[in-house]
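The values are calculated or read from the model by the stated rules, or taken from the named source; none is laboratory data. Please read all numbers here as calculations on a predicted model, not as lab measurements. Heads up, the Cβs are rebuilt from the backbone with ideal geometry, glycines too, and the neighbour counts pull from every protein chain shown. These accessible areas exclude ligands, DNA and RNA; they are computed on the full protein's heavy atoms, side chains included. Shrake-Rupley method; radii C 1.70, N 1.55, O 1.52, S 1.80 Å.
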Amino acid sequence: MKKYYRMVRRRGNAVFYGVLGAVFIGLGVMAIFFMNEIWAAVCFAAGALLSILPQFVIFSKYGLQGNGFRYGKCGIVRTASFQQVHAVVICIYDEYRRWKGFVPAYFELRDGRKVPFPAILCLKKVNEDDLDLCDTRTHAKLTFRGGVLFDGALEFDFLEELVSSAYDGDIFVSQEIYDVYHPVFEKIQKGGREIKVYDRIPQKLKREIK
């Protein structure tokens, strides 16, 4: 089974929490000399937790296994059958950047253009009327909170595996991502798999216009 990382900025986040943990351990050392053993123990424990626990999230992976999905969540490996996934949504991958909040992740092509990194979300349930709100990964998670099995950065190798597997649920792609990566999605559709494209216009408004 090929595995794919769920996060894009792994190295930077891993270093940040490693340094933060080291700071607390350093405070623990100082507490031994200037405070008491209780404060030292608290600082050591906090430093160890900050250094280790976030790494399970940062380096979490997902993939296909048999007739289902295998993914990591809070450091625990979990599985979900294809029947549990009602739909797959592909939109813009965004991530939390300190001091900036959640912002889209971009990478630069050879010609100098910057394009958004795609995200994938596997949903237990989906209401197509709400897809216009799902331009980014975070917005999709907020829209379908409670219905998201897992999410992560999309690698197209995984998408190719998915469409050639026994998964028969819906695949939705935001217009922004479709426009950037349309050759990939057109190839998939020529292979007989339907890709449903949604935009920022509410479905209810579209029906009223018609």
> Could you give the length gained on full extension between Asn127 and Arg97, defined as 0.36 nm per residue of separation minus the Cα-Cα distance, in nm?
Replying inline: 7.9 nm
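How much length, in nm to one decimal, is gained on full extension between Lys187 and Asp157, taken as 0.36 nm per residue of separation minus their Cα-Cα distance? Let's see the in-between values first.
On the way: separation 30, 0.36 × 30 = 10.80 nm, distance 1.32 nm.
Roughly 9.5 nm would be gained on extension.
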>> If amide hydrogens are placed 1.01 Å from N in the peptide plane, which non-local residues have theirs closer than 5 Å to the one on Leu149?
In response: Cys122, Leu123, Lys124
> Excluding Lys125 itself, what net charge comes from residues whose Cβ is under 15 Å from its Cβ, given Lys and Arg +1 and Asp and Glu -1?
Replying inline: -2
>> Classify the range 78-210 from the C-alpha gyration tensor, please: rounded if a/c falls under 1.5, else prolate or oblate depending on whether a/b exceeds b/c.
In response: rounded
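Treating the beta-carbon of each Lys and Arg as +1 and of each Asp and Glu as -1, no other charges, what is the dipole magnitude of the range 94-210 about its Cα centre, to the nearest 20 debye? Can you show the working numbers first?
Working: 20 positive and 22 negative charges, 78 e Å.
About 380 debye.
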> Taking the Cα centre of the chain as the origin and placing charges on Cβ (Lys, Arg +1; Asp, Glu -1), which of Ala105, Ala45, Thr138 is farthest toward the positive end of the dipole?
Replying inline: Ala45
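Please report, in debye to the nearest 20, how large the charge dipole of the chain is about its Cα centre when each Lys and Arg carries +1 at its beta carbon and each Asp and Glu carries -1 there. Write down the numbers at each step before the final one.
On the way: 30 positive and 23 negative charges, 56 e Å.
The dipole of the chain has a size of about 280 debye.
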>> If each DSSP helix of 4+ residues adds -39,500 (n - 2.57) and the sum is divided by the residues in the chain, what number results at 222 nm, nearest 500 deg cm²/dmol?
In response: -12500 deg cm²/dmol
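Of the beta bridges DSSP finds with both residues in the range 68-206, what % are antiparallel, to the nearest 5?
Numbers: 24 of 32 bridges.
Of the beta bridges lying entirely in the range 68-206, close to 75 percent run antiparallel.
Taking the Cα centre as origin and putting +1 on Lys and Arg beta-carbons and -1 on Asp and Glu beta-carbons, what dipole magnitude results for the range 99-167, to the nearest 20 debye? Show your work: numbers first, answer last.
Values: 9 positive and 12 negative charges, 74 e Å.
It comes to approximately 360 debye.
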>> I'd like the distance separating the alpha-carbon centroids of the range 63-80 and the range 155-202, in whole Å.
In response: 21 Å
> What is the ratio of the Cα radius of gyration of the range 21-99 to 2.2 N^0.38 Å, where N is its residue count, to two decimals?
Replying inline: 1.70
>> Tell me the per residue accessible area of the chain using a 1.4 Å probe; a whole number in Å² is fine.
In response: 59 Å²
> Out of Gly63, Pro202, Ile188, whose Cα points farthest toward the positive end of the dipole of the chain (charges: +1 Lys, Arg; -1 Asp, Glu; placed on Cβ)?
Replying inline: Gly63
> Does the range 57-102 come out rounded, prolate or oblate, given a ≥ b ≥ c as the square roots of the eigenvalues of its C-alpha gyration tensor, rounded meaning a/c under 1.5 and, failing that, prolate meaning a/b above b/c?
Replying inline: oblate
> Roughly how many nanometres apart are two label points built 7 Å out from the Cα toward the Cβ at Val57 and Val29?
Replying inline: 2.8 nm
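List the pairs from Lys2/Lys73; Lys61/Lys100; Lys3/Lys73 whose alpha-carbon separation is above 20 Å, in the order I gave them. Don't skip to the answer; put the middle values down first.
Numbers: Lys2/Lys73 17 Å; Lys61/Lys100 25 Å; Lys3/Lys73 14 Å.
Violating the 20 Å limit, Cα to Cα: Lys61/Lys100.
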> If R0 is 25 Å, what FRET efficiency do you get for Arg145 and Val77 from their C-beta distance, rounded to 0.05?
Replying inline: 0.65
> What residues qualify as long-range amide H neighbours of Val197, i.e. H under 5 Å apart, gap of 5 or more or another chain, H built at 1.01 Å from N?
Replying inline: Val173
